[in-house]
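> The structure is given below, and queries will be raised subsequently.
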Amino acid sequence: MDNQQQGEELNQLARLLFGRAANHWYLSILIETVAGIIGIIMSFFVSANDDIRLLFALIGVVLFIYAYYLNISYEKKYNLAETMRRQSVFTEGLGWQITKTQFSIWKNRAGAKILKLFKFKVRDEDYYATQESPGPKKLLEMTIESCFYTRNLYCKLKKILFIGTVTSFALLLALIIISSFSSIPSQFHFILVYLAYLIFPLILSIDLTKWTFRLYEMNYSLEKIEEDLEKLEKDSDLNESKVMRLVSEYNCIVANGIPIHDQFFKYCHGYIDELWKSR
């Protein structure tokens, strides 16, 4: 197997692993939300049978434990996928060799499910637009394309998270304002205030605000890196060290990024692909 084929295969394995990691991350958030909602609902059923309340409490604990496990699994898979992705880029872009032992170790760590999926999901032949031979120029063009797609995906995602953040805090604020109306009966006033008190920790645990601000910062950083990569593309004295500096900066950003779900990627791919072709 030559370096090019090794790089392509490792890249596809990393992409499949990213997909599995993203599934675990989004599922953990969904389960945490469901467990939180169950807790809120049961808080209002004071007169409920003790056995029923205990049952729902146990369900909530099990859900939170499972969500925690999924989050740990996500971090493990995401970090491994990111390591594999970086090596695949250097192998494809610069022709760096991967030893048979290391390639075998990565396959083993990817897991049987990913390897089974790998047999049926081959990477598109035109995954990267560049036609350059391995070297600084090819690595540069590959990174520009990756940066372009990542930036646009994050741009789309940050809008969704922003809407979710504003909506959740608007709901919380609406409950507080409505509860302050003198025309509201005292029993409903208590219910609204209590509901706001219970919803606020749930909003904080989902932490949409943190991810929204992080995506704004990352998008800004990706814009700057993409601009620097374009300037470097015109450099007549292009060499590996100049390219590697910017590639390393890009890798640092995406290593701390937010996982992109496969369905979201498919939804945005056509639009971003048109932007890339008309770039």
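FYI, it's all coordinate maths here, none of it is from the lab. If you're wondering where the values come from, they're calculated on a predicted model, not measured in any experiment. So basically every Cβ, Gly included, is an ideal-geometry build from the backbone, and we count neighbours across all protein chains shown.
> Mind checking the angle between helix 240-255 and the chain's longest principal axis? C-alpha axes, 0 to 90 degrees, to the nearest 10.
So the helix axis and the longest Cα principal axis differ by about 20 degrees.
> Label points 7 Å out from Cα along the Cβ direction at Lys159 and Tyr271: separation in nm?
0.5
> A follow-up question, please. How large is the helix-only mean residue ellipticity at 222 nm for the chain, computed as the sum of -39500 (n - 2.57) over DSSP H runs with n ≥ 4, divided by its residue count, in deg cm²/dmol to the nearest 500?
Result for the chain: -29000 deg cm²/dmol, rounded to the nearest 500.
> What is the chain's relative contact order, in percent, from Cα pairs under 8 angstrom and six or more apart in sequence?
So the answer I get is 25 percent.
> Where does each of Ser104, Ser221 land when they are ranked from fewest to most other beta-carbon atoms within 10 angstrom?
Ser104, Ser221
> What is the fewest-to-most order of Met142, Met42 by other Cβ atoms lying within 10 Å of their Cβ?
Met42, Met142
> Of Ile253, Trp96, Leu175, which is farthest towards the positive pole of the chain's charge dipole, taken about the Cα centre with +1 and -1 on the beta-carbons of Lys, Arg and Asp, Glu respectively?
The one lying farthest along the dipole's positive direction is Leu175.
> Give me the extension gain from Asp262 to Lys100: residue separation times 0.36 nm, minus the current Cα-Cα distance, reported in nm with one decimal.
Net length gain for the segment: 55.4 nm.
> Further question on the same structure: By how many degrees, between 0 and 90 and to the nearest 10, does the Cα long axis of helix 50-94 differ from the longest principal axis of the chain?
The helix 50-94 is inclined about 10 degrees to the chain.
> Against the longest principal axis of the chain, how steep is helix 186-206, in degrees 0 to 90 to the nearest 10, with axes from Cα atoms?
Approximately 20 degrees, to the nearest ten.
> Using Cα pairs under 8 angstrom and six or more residues apart, how large is the relative contact order of the range 1-127, in percent?
49 percent.
> Roughly how big is the range 1-127's charge dipole about its Cα centre, with Cβ charges of +1 (Lys, Arg) and -1 (Asp, Glu), in debye to the nearest 20?
380
> Using the 10 angstrom Cβ neighbour count as an exposure proxy, how do Ser43, Ser88, Ser248, Ser241 rank, fewest first?
Least crowded to most crowded, the residues run Ser241, Ser248, Ser43, Ser88.
> I've got another one for you. Looking at the chain as a GNM with Cα springs under 10 Å, which of Ile105, Ile258, Ile199 has the largest mean-square fluctuation?
Ile105
> Take the Cα pairs of the range 134-279, get the Kirkwood Rh, then feed it into Stokes-Einstein at 20 °C and 1.002 mPa s and tell me D in µm²/s.
Reported coefficient: 117 µm²/s.
> Cross-link candidates for Lys156: which aspartates and glutamates have Cα within less than 16 Å, leaving aside residues fewer than 8 places away along the same chain?
Glu217, Glu223, Asp262, Asp273, Glu274
> Mean 1/r over all different Cα pairs, inverted: what Kirkwood radius does the chain give, in Å?
Computed over Cα pairs of the chain, the Kirkwood hydrodynamic radius comes out at 21.7 Å.
> Still on this structure: Just list whichever of Lys158/Lys266; Lys100/Lys242; Lys234/Lys277; Lys137/Lys210; Lys77/Lys242 have alpha carbons separated by over 26 Å in the model shown.
Result: Lys100/Lys242; Lys137/Lys210; Lys77/Lys242 exceed 26 Å.
> With no solvent and one point on each alpha carbon, what is the Debye value of log10 I(q)/I(0) for the range 1-88 at q = 0.18 Å⁻¹?
Values, matching the q order: -0.77.
> Can you work out the Karplus-derived ³J(HN,Hα) for every residue in the range 11-22? Use 6.51 cos²θ - 1.76 cosθ + 1.60 with θ = phi - 60°, whole Hz, and x for glycine or proline.
5, 5, 4, 5, 5, 5, 5, 4, x, 5, 4, 4
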